[in-house]
Structure formats: C-alpha cells, structure tokens
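Read-outs: derived from the displayed coordinates by stated rules, not from any lab. The shown structure was predicted, so the numbers you read here are calculated from the model rather than taken from an experiment. Cβ: placed from backbone, ideal geometry, glycine included. Neighbour counts: every protein chain shown.
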Amino acid sequence: MMIRIFPFIFVLLWSSAFITTKPIIDYSNPFAALAFRFALVALGFFLFSIYSKQKILVSKRNCFESFFSGVLFHGFYLGGVFYSISIGMPTAIAALIVTLQPVLTNALSGPILNEKVSPKQWVGVLLGFTGAGLVLGFDLGSKIPTAGLVATIIALLAITFSTLWQKKLSNNLPLSVSNMNQALGGVVFHIVIIILFAEPYIDFSTTFLIAMSHQIFLVSFGAFTILMLLIKRNSASKTVSIFFLIPPTSALMAWIFLNESLSNLDLLGFLIATFVVYVATRD
C-alpha cells in the first residue's frame, strides 16, 4: 500500500523543491548553496550507512557509476535549474521545461534500454515541445532570460540521461550508499564550478536555513530516495510518467507561496504540455 502512494508523495515533495529554490538563491550563490546542501546530504547518507551496517566500498565500478549519476543529476540538472532561477527564470516555467523529461526518456529508452516505445510516444516528443513552445515562443526577450533558457534545457538533458544511466547500470549498491556517492558527485561538480566561474557566498539567514532544511530533508533524503526506489522497481518510461503532474503542482505552489502570476497563454501551455506528457507515457 505504501509503495502505491510513493509516486504521489514524490510529486508533492519534488514540486515543492522549485518553490524553496528561490528563497535559497536570494541569500546565496546557487552553486555554493548546492555544494553546501550535498555535502550535508552525503554526510547524512554516510552516517546512515554506517548505522545500518552497510558496506561503503563494495565495488569501485558501482561507486563510480553512482558518482557520475550524481554529477548529472545533482550537478548539471540542479545546477542548471538553480542558476536559471537565480537570473530571473520564472519558477513555474523552469519546472515546465525540465518536466518534459518523460517524453525524452520515452523516446530514448527504446534505443538505449531496449524498452518498447510506441509510435504514440514518439509523437509525444514533438507535441510536448509544441506545448512548451506556446509558453516559450512569446516574449522570450523580457520574460525568459536566454541564459536561463539554455541552462534549463541543459538541466532537462541532464535529468533525462541521469535517469537512463541509473536504469542501465547494474548497480547493486545499498540505496543509502548509492545516494551518498551521488551526493558526492554533486559536491565535486559544484566546487569545480565555484573554482572556475563563481564567487561563493551564503547568508545563513533564517529564511535560507528553513528553505535549505526543506531541500535537504524532504527533497534530498525524501523525494530523491523515493525516485531511486521507483527507478529500480519499474521501467524508466513508467517511472518518469509521474513527472507529468509536476508542472501544475509547481505552478500552483508558485502562485500560492511566491506570488508568481500566470498568463492565459502560460496556463494553456501548461495544460497542453501536461496532457501530452500524460498521453505519451501512459500504458
């Protein structure tokens, strides 16, 4: 019974991450915040692994596979999302773009994972981007920063390939150990970005600490662990089908908590993209 409600718990927790991202980047450099977050996440999973008597160094190959997955997921994906929002990308639109992941995953899971993908799912790729285009195709210059759009597309590709990579690899590491290695991948990625491109700063205000605590405990420990569990139990295409619920959930949360407005065109784009992702990924 609990497993059945995991997808819905995941959607609520994952959608809320887009809402607490803005308070975090208001008080920090996005890459410094992510390095700090995943250092604590890695420590948490390490301590839990020790407490539960899991073997940390089981296989160098498996550890590297998990580490690389973390570079894609916690590095390129979250780094792209955080950076795009930090330079003015509306939260709900960032959520919409990266949630086109299901149609891309369905399109690629056939040739990469040998999972059966129907012609309907291929059509869904085109229609999904058409729906997103209704939101993105107008007022690109003022409402959506170009650099933010590029960063969000990179994030979309990263989360897609991370999901496929996670499903493809024969990783038999305990979940807590795998999550620890992925968090370490995120830490290393963001430290490299800071050294090369960014000036790290964090204002440990009450708002920052509350938002960061939410992302560490509810998103990294909660939602991400549920996602990894679902990927292990189901096909990649079936797992990511739940992502179609994230755009409207994120948009509603952004409207409630961040006072972000949505135009009629935005709402139409959200509805089309959500419907298309659902049709493209249903059995």
Query raised in the report: Among the listed pairs Lys116/Lys168; Lys55/Lys167; Lys168/Lys232; Lys53/Lys168, which are separated by more than 19 Å between their Cα atoms?
Result: Lys55/Lys167; Lys53/Lys168
Report summary line: Check: C-alpha center segment 70-117 vs C-alpha center segment 153-218, spacing in Å is 14 Å
Requested in this report: Quote the FRET efficiency, to the nearest 0.05, computed for Asn172 versus Leu43 with a Förster distance R0 of 30 Å and r equal to the Cβ-Cβ distance.
Outcome: 0.80
**Report entry** Simple spin-label estimate for Ile50 and Ile153 in nanometres, 7 Å along Cα-Cβ
**Finding:** 4.5 nm
Requested in this report: With a point put 7 Å past each Cα toward its Cβ, work out how far Ile256 is from Ile195 in nm, to one decimal.
Outcome: 4.3 nm
Report summary line: Given all pairs of distinct Cα atoms, segment 13-120 yields a Kirkwood Rh in Å of 16.4 Å
